[in-house]
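Trainee: What follows is a structure written as structure tokens; I'll ask about it next.
The values are calculated or read from the model by the stated rules, or taken from the named source; none is laboratory data. Predicted model only: the values in this text are computed from it and were never measured. Quick reminder, even Gly has a Cβ in these numbers, built from the backbone with ideal geometry, and neighbours come from all protein chains shown.
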């Protein structure tokens with residue numbers, strides 16, 4: 001059966017206004033980034049990329065961008081590496097404390113990021129890990145673990161286990177079954193979990209604000225510091241770059257997983 | 001819109017529900033094409049066809065969920081083509097039952113009465129009356145989640161008939177049920193329909209269900225009406241190969257008409273001459289059909305022609321044979337009479353009554 | 001024993017990280033919140049309720065907590081008010097349009113809050129786009145003051161968080177039998193009655209779940225109130241930040257954080273209980 005739009009004109013107007021509300025701030029950021037003026041303004045007298053070029057003269061933003069990438073790469077990988085065995089255990093075994101352990105791994109979702117930041121700040125400084133890459137990765141792993149685990153777990157529980165039994169009945173060893181059947185079957189969930197964890201780590205501001213040091217500043221933290229001092233077209237162009245990169249990633253993600261599925265975690 | 005005098009003419013028709021030349025297109029896709037149907041008051045009609053044949057779209061147009069691209073729908077002489085579904089006074093049982101999960105059984109059944117502003121007292125009485133009819137009085141206060149599939153189905157039926165609609169539409173109402181429950185529900189549904197005397201349209205892809213329940217069956221194929229008639233009539237005289245195949249299994253052979261005389265034709269099928277009732281032009285290529293249960297197996301040489309048994313399967317009430325002959329391979333169903341029958345590899349004679357064979361229209 | 005060992009071994013690495021990196025820091029913060037602070041001497045290892053008493057007794061903190069939860073309630077209500085209808089409209093769209101709209105609504109969730117908040121700052125600032133346009137077409141002469149108001153914080157937070165509401169309601173709507181609406185219509189209900197009596201009660205669990213997420217995230221929001229609310233419109237999260245990084249009164253900051261955490265957990269738990277109790281019998 002083909003389905004057609006069943007919305008009335010009023011609903012379509014509502015939808016339009018809603019989308020306008022959602023997209024306007026992002027569109028404005030991109031427009032202001034292209035201004036040819038030296039101050040905040042819409043590009044009324046022509047588009048200019050001078051503020052994008054200006055980013056290159058501010059190594060603190062470029063450095064922060066790369067630091068964010070390294071941090072997100074490291075923490076997403078560690079989080080997924082921890083999530084796969086944990087998801088396997090939860091999906092495949094019955095054991096005392098199973099629900100409790102899951103709730104424990106999901107608990108960072110319930111903790112305000114400012115609370116995590118407060119806790120990590122004093123903890124890292126007492127360990128002498130303040131501002132170190134290891135320290136930041138460890139904190140980010142805890143923060144993004146729920147996102148990674150949710151998607152990995154969904155793919156492990158949703159997997160058709162008879163495929164594994166079939167492989168074994170055809171003579172595959174335990175290890176071969178895992179490598180040739182299990183891994184390919186859960187790969188979409190694992191990739192989705194990794195990507196979501198990466199993005200969450202890359203975007204994180206509040207908690208990182210507490211634990212970042214001048215030598216380990218992420219892009220959102222650098223941007224926050226900049227904004228609290230001044231809002232200029234430079235910060236708009238930096239934001240516009242983030243929006244472009246995210247948009248490209250988003251379209252790829254939507255093609256592969258379906259964005260709603262990724263975010264709902266099914 | 002048809003001109004005024006035509007409309008007047010339509011009103012004079014006696015049938016209760018009438019679909020006049022309706023078609024439905026979704027973009028380039030033609031779901032229903034030039035469909036006509038006249039249904040009498042109190043009649044039980046099935047729309048039968050494979051999925052995608054347009055039967056559900058037709059039902060949706062009768063219900064008012066879809067508007068026909070062309071054509072008109074009348075109920076009791078009133079033009080309903082563009083009337084919205086909540087003003088049509090039609091009871092519908094949906095395939096998924098579509099019960100309101102947040103309401104109790106009684107609230108579900110009473111919803112339509114509430115919409116019709118029926119007073120609380122009367123509503124209660126009519127709800128309980130109808131629940132009694134479907135045998136669910138003690139479940140009135142439960143929520144749908146707490147019921148079995150068959151019970152949900154009855155709630156859906158009760159909800160549809162309690163409003164005493166002028167028309168009842170059943171959209172594959174039994175397809176979600178187990179085979180056993182389905183059969184008993186068929187009988188029950190039919191009995192309830194007779195008791196209430198309500199004009200009913202059933203949409204189904206199950207030919208047995210359609211034959212068991214309907215006064216008449218409209219077979220649909222690719223958006224068009226393939227055959228309309230009483231179950232026995234269309235089973236025996238399907239008319240075309242689609243209907244013949246869809247209503248039961250059929251053996252179909254190609255042949256050429258050699259002679260025609262006195263309501264009979266002589267058809268040559270792979271050098272076997274068959275006498276078949278009907279008429280066709282000499283030299284025409286035709287399809288000849290016979291149902292497996294109309295074929296008999298006798299001793300070799302004593303039938304119309306000989307065949308070799310390839311497989312034989314025991315099904316309890318009958319034997320299913322596949323035999324190989326000059327006509328090609330075909331299926332034979334024999335009643336299990338308790339006696340032993342020809343085994344695999346044996347040569348047997350094939351026989352039938354001439355009037356069991358049909359000539360099908362070329363498509 | 002043998003059967004029980006594998007699951008714990010598999011969970012082991014993650015458990016160790018979580019104990020070392022979550023339990024220990026949280027416990028330390030909890031302990032820290034009982035210490036006292038002296039501007040000259042720093043943190044003293046004594047224990048008492050004085051930080052909590054200060055928060056409970058000082059009207060300065062009352063105002064901050066009231067503002068935070070007031071904003072949270074307003075944002076939650078507004079998100080439900082516009083997010084739920086939007087999800088319903090999405091569910092009735094043709095497939096192509098729907099995926100485009102979903103992409104536009106959910107996509108911003110993947111963009112850092114800081115960028116989205118910056119967008120609002122650029123829109124409503126004194127030299128912002130809205131003022132630029134309004135002055136340009138001659139409606140006003142001096143710029144409207146919208147930055148650093150509670151209203152701007154609320155609007156921006158609705159913008160940041162409404163995708164969660166849409167997502168939550170949308171998920172519930174997908175479980176809805178599409179025939180149920182037709183059933184109500186065929187029984188004589190008007191479109192409005194169908195919405196109110198049949199659709200709304202069934203999507204309520206989604207609205208409630210979405211409200212919970214939005215409420216909890218608003219109550220602990222930092223970036224948006226900090227940038228759009230400025231120094232004067234403090235909320236709980238920005239107050240804790242200031243105590244830590246400006247005043248350097250870590251024990252007081254820790255106690256504010258602990259109160260925020262406990263308040264959030266209590267709200268989430270009791271709300272979950274309420275929702276489960278109400279809907280467990282009806283929905284799967």
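Per-residue answers, yes or no, for (1) assigned to a strand (DSSP E or B); (2) more than 28 Å from residue B:208 (Cα to Cα):
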{"residue": "B:74", "(1), (2)": "yes, yes"}
{"residue": "B:81", "(1), (2)": "no, yes"}
{"residue": "B:103", "(1), (2)": "no, yes"}
{"residue": "B:106", "(1), (2)": "no, yes"}
{"residue": "B:126", "(1), (2)": "no, yes"}
{"residue": "B:142", "(1), (2)": "no, yes"}
{"residue": "B:150", "(1), (2)": "no, no"}
{"residue": "B:165", "(1), (2)": "no, no"}
{"residue": "B:182", "(1), (2)": "no, no"}
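Condition check ((1) at pLDDT below 85; (2) more than 7 Å from every other protein chain (Cβ to nearest Cβ)) across all residues:
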{"position": "C:91", "(1), (2)": "no, yes"}
{"position": "C:114", "(1), (2)": "no, no"}
{"position": "C:119", "(1), (2)": "no, no"}
{"position": "C:127", "(1), (2)": "yes, no"}
{"position": "C:139", "(1), (2)": "yes, yes"}
{"position": "C:144", "(1), (2)": "yes, yes"}
{"position": "C:172", "(1), (2)": "no, yes"}
{"position": "C:186", "(1), (2)": "no, no"}
{"position": "C:194", "(1), (2)": "no, yes"}
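Trainee: Identify all residues within region C:74-87 that are buried (at least 21 other Cβ atoms within 10 Å of the Cβ) and under 19 Å from residue A:9 (Cα atoms); write none if there are none.
Mentor: Listed by number, the residues that qualify are C:83, C:84, C:86, C:87.
Trainee: State which residue is farthest from residue C:260 (Cα to Cα) when the search covers only region C:21-34 and only residues that are outside any loop (DSSP other than H, G, I, E, B) and more than 8 Å from chain A (Cβ to nearest Cβ).
Mentor: C:23
Trainee: Please go through region C:226-256 and pick out each residue that is within 11 Å of another protein chain (Cβ to nearest Cβ), under 30 Å from residue C:87 (Cβ atoms) and in a helix (DSSP H, G or I).
Mentor: Passing the criteria: C:226, C:227, C:228, C:236, C:237.
Trainee: Continuing with this model, one more query. Could you tell me whether any residue of region A:92-109 is modelled with pLDDT of 85 or more, more than 18 Å from the chain's Cα centre (by Cα), at the interface with another protein chain (Cβ under 7 Å from one of its Cβ atoms) and part of a helix (DSSP H, G or I)?
Mentor: Checked region A:92-109: at least one residue is modelled with pLDDT of 85 or more, more than 18 Å from the chain's Cα centre (by Cα), at the interface with another protein chain (Cβ under 7 Å from one of its Cβ atoms) and part of a helix (DSSP H, G or I).
Yes/no matrix, rows are residues, columns are (1) under 18 Å from residue A:66 (Cβ atoms); (2) touching a residue at least 60 places away in the same chain (Cβ under 8 Å):
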| residue | (1), (2) |
| --- | --- |
| A:148 | no, yes |
| A:152 | no, yes |
| A:175 | no, no |
| A:187 | no, no |
| A:204 | yes, yes |
| A:207 | no, yes |
| A:231 | no, yes |
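Trainee: Filtering region C:71-89 down to residues that are more than 7 Å from every other protein chain (Cβ to nearest Cβ) and without any contact (Cβ under 8 Å) to a residue 40 or more places away in the chain, which residue is farthest from the chain's Cα centre (by Cα)?
Mentor: Of the residues in region C:71-89, the ones more than 7 Å from every other protein chain (Cβ to nearest Cβ) are C:71-81, C:83-84, C:87-88.
Subset that is without any contact (Cβ under 8 Å) to a residue 40 or more places away in the chain: C:77, C:81.
On the way: C:77: 12, C:81: 15 Å.
So, considering only residues that are more than 7 Å from every other protein chain (Cβ to nearest Cβ) and without any contact (Cβ under 8 Å) to a residue 40 or more places away in the chain, the one farthest from the chain's Cα centre (by Cα) is C:81.
Trainee: Going by what's in this entry, would residue B:227 be described as at pLDDT 90 or above and either under 23 Å from residue B:19 (Cβ atoms) or buried (at least 20 other Cβ atoms within 10 Å of the Cβ) (or both)? Quick ask: steps written out before the conclusion?
Mentor: On the way: at pLDDT 90 or above: no; either under 23 Å from residue B:19 (Cβ atoms) or buried (at least 20 other Cβ atoms within 10 Å of the Cβ) (or both): yes.
No.
Trainee: Quick one: what pairs do we get from region C:47-64, first residue within 16 Å of residue C:237 (Cβ to Cβ), second part of a helix (DSSP H, G or I) and at pLDDT below 80, C-beta under 6 Å, 6+ apart or different chains?
Mentor: From residues that are within 16 Å of residue C:237 (Cβ to Cβ), the pairs are C:61/C:55.
Trainee: Out of (1) more than 20 Å from residue C:62 (Cβ to Cβ); (2) more than 18 Å from the chain's Cα centre (by Cα); (3) more than 10 Å from every other protein chain (Cβ to nearest Cβ); (4) part of a helix (DSSP H, G or I), what's the single condition that is false for residue C:209?
Mentor: (2)
Trainee: Just one of the numbered conditions (1) within 14 Å of another protein chain (Cβ to nearest Cβ); (2) touching a strand residue (DSSP E or B) at 6+ places or on another chain (Cβ under 6 Å) is not true of residue C:51; which one?
Mentor: Residue C:51 satisfies all of (1) within 14 Å of another protein chain (Cβ to nearest Cβ); (2) touching a strand residue (DSSP E or B) at 6+ places or on another chain (Cβ under 6 Å) except (2).
Trainee: Filter region B:93-114 down to residues that are under 13 Å from residue B:163 (Cα atoms) and in contact (Cβ under 8 Å) with a residue 40 or more places away in the chain and give me whichever is surrounded by the most Cβ atoms within 10 Å (Cβ to Cβ).
Mentor: The qualifying residue surrounded by the most Cβ atoms within 10 Å (Cβ to Cβ) is B:109.
Trainee: So, one more: Within region B:46-72, take every residue that is within 13 Å of residue B:172 (Cα to Cα) and either outside any helix (DSSP H, G or I) or in contact with a helix residue (DSSP H, G or I) (Cβ under 7 Å, 6 or more places away or on another chain) (or both) and give me the one that is nearest to the other protein chains (Cβ to nearest Cβ).
Mentor: Across region B:46-72, the extreme among qualifying residues is B:51.
Trainee: Can you say whether residue B:123 is modelled with pLDDT of 90 or more and crowded, with 18+ Cβ neighbours inside 10 Å, as far as the supplied structure shows? Show your work before the answer.
Mentor: Values: modelled with pLDDT of 90 or more: yes; crowded, with 18+ Cβ neighbours inside 10 Å: yes.
Yes: the conditions hold for residue B:123.
Trainee: Quick one: would you say residue B:182 is in the same structural domain as residue B:87 (by TED's automatic domain parsing), modelled with pLDDT of 90 or more and surrounded by fewer than 23 Cβ atoms within 10 Å (Cβ to Cβ)?
Mentor: Working: in the same structural domain as residue B:87 (by TED's automatic domain parsing): yes; modelled with pLDDT of 90 or more: no; surrounded by fewer than 23 Cβ atoms within 10 Å (Cβ to Cβ): yes.
So residue B:182 fails the test.
Trainee: On to the next question. Which ranges mark the helices (runs of 4 or more DSSP H) fully within region C:43-153 that have 2 or more residues being out of contact with any helix residue (DSSP H, G or I) (no Cβ under 8 Å at 6 or more places or on another chain)? I'd like the intermediate steps shown before the answer.
Mentor: Values: elements: C:50-57, C:59-91, C:95-106, C:113-124, C:129-136.
Once the helices (runs of 4 or more DSSP H) in region C:43-153 are filtered for at least 2 residues that are out of contact with any helix residue (DSSP H, G or I) (no Cβ under 8 Å at 6 or more places or on another chain), what remains is C:50-57, C:59-91, C:95-106, C:129-136.
Trainee: Right, here's the next one. Please state which one of B:157, B:177 is in contact with a helix residue (DSSP H, G or I) (Cβ under 9 Å, 6 or more places away or on another chain), in contact (Cβ under 8 Å) with a residue 12 or more places away in the chain and not in a helix (DSSP H, G or I).
Mentor: On the way: B:157 fails: not in a helix (DSSP H, G or I).
Matching residue, one of B:157, B:177: B:177.
Trainee: Anything in region C:96-112 that is over 24 Å from residue A:200 (Cβ atoms) and either at the interface with chain A (Cβ under 7 Å from one of its Cβ atoms) or touching a residue at least 12 places away in the same chain (Cβ under 8 Å) (or both)? List them, or say none. Break it down stepwise before answering.
Mentor: In the first step, residues of region C:96-112 are kept if they are over 24 Å from residue A:200 (Cβ atoms); the result is C:96-98, C:100.
Matches in region C:96-112: C:97 only.
Trainee: Take the residues in region C:170-191 that are surrounded by fewer than 22 Cβ atoms within 10 Å (Cβ to Cβ) and part of a loop (DSSP other than H, G, I, E, B); name whichever of them is farthest from the chain's Cα centre (by Cα).
Mentor: Looking at residues that are surrounded by fewer than 22 Cβ atoms within 10 Å (Cβ to Cβ) and part of a loop (DSSP other than H, G, I, E, B), I get C:190.
Trainee: Also, I was wondering about something else. Pick out the one residue from A:217, A:177, A:246, A:230 that is within 14 Å of another protein chain (Cβ to nearest Cβ) and over 19 Å from the mean Cα position of the chain (by Cα).
Mentor: Exactly one residue qualifies, and that residue is A:230.
Trainee: Restricting attention to region B:265-286, report how many residues are touching a residue at least 60 places away in the same chain (Cβ under 8 Å), in a strand (DSSP E or B) and either surrounded by fewer than 20 Cβ atoms within 10 Å (Cβ to Cβ) or outside the structural domain of residue B:324 (by TED's automatic domain parsing) (or both). If you could, list the steps in order and put the result at the bottom.
Mentor: Pass one, region B:265-286, residues touching a residue at least 60 places away in the same chain (Cβ under 8 Å): B:265, B:267, B:274-278, B:280, B:285-286.
From what's left, in a strand (DSSP E or B): B:265, B:267, B:274-277, B:285-286.
Still in the running and either surrounded by fewer than 20 Cβ atoms within 10 Å (Cβ to Cβ) or outside the structural domain of residue B:324 (by TED's automatic domain parsing) (or both): B:275, B:277, B:285.
Final tally of qualifying residues: 3.
Trainee: So, one more: One residue is enough: does region A:220-234 have a residue meeting the conditions assigned to a helix (DSSP H, G or I) and either in contact with a strand residue (DSSP E or B) (Cβ under 6 Å, 6 or more places away or on another chain) or over 28 Å from residue A:53 (Cβ atoms) (or both)? Can you show your working first?
Mentor: Of region A:220-234, the ones assigned to a helix (DSSP H, G or I) are A:220-229, A:233-234.
Restricting the remaining residues to those that are either in contact with a strand residue (DSSP E or B) (Cβ under 6 Å, 6 or more places away or on another chain) or over 28 Å from residue A:53 (Cβ atoms) (or both) gives none.
No, region A:220-234 contains no residue that is assigned to a helix (DSSP H, G or I) and either in contact with a strand residue (DSSP E or B) (Cβ under 6 Å, 6 or more places away or on another chain) or over 28 Å from residue A:53 (Cβ atoms) (or both).
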